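Worksheet for the structure shown next.
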Amino acid sequence: MIPRIAEMKHTSGYTMWLRFEDGKEGEIDLKGELWGEVFEPLKERDYFKTARLDRELNAICWPNGADFAPEFLYDNITVRGRRNNELART
């Protein structure tokens, strides 16, 4: 099942806080993910802050068409100091 994003907000720099409909929440720093033509404009912090949650696409999106899929975000959020995918291994 594809995780559904319930809420998001920019916290600082290139970091977003996310809460998913199943209650999982945490932060993700996207700085290291901003490579490639469509993500190049997001390196400008003011532009990065224009992110919005597109409920129809169930993704974090920017005006230029850049987006991050919910599966990637769900698997890579940091929950209480540990990445979500690390929690599954403990």
Within region 58-75, which residues are in contact with a helix residue (DSSP H, G or I) (Cβ under 9 Å, 6 or more places away or on another chain), part of a loop (DSSP other than H, G, I, E, B) and either open to solvent by 60 Å² or more (accessible area, probe 1.4 Å) or on the phi < 0 side of the Ramachandran plot (or both)? Trp62, Pro63, Asn64, Ala66
Return the residue satisfying two criteria in turn: it lies in region 36-55 and is open to solvent by 90 Å² or more (accessible area, probe 1.4 Å) and at pLDDT 95 or above, and of such residues it is nearest to the chain's Cα centre (by Cα). Arg52
Which one is surrounded by the fewest Cβ atoms within 10 Å (Cβ to Cβ) among residues in region 1-35 that are of a type in the set (A, V, I, L, M), in contact with a Leu (Cβ under 7 Å, 6 or more places away or on another chain) and farther than 15 Å from Asp75 by Cα? Leu34
Which one is most open to solvent (accessible area, probe 1.4 Å), of the residues in region 76-90 that are modelled with pLDDT under 95 and in a helix (DSSP H, G or I)? Glu86
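The values are calculated or read from the model by the stated rules, or taken from the named source; none is laboratory data. In this text, all values refer to a predicted model and were calculated from it rather than measured experimentally. Note: ideal-geometry Cβ built from the backbone for every residue, glycine included; neighbour counts use all protein chains shown. Surface areas here come from the heavy atoms of the whole protein model, side chains and all, with no ligands, DNA or RNA. Shrake-Rupley method; radii C 1.70, N 1.55, O 1.52, S 1.80 Å.
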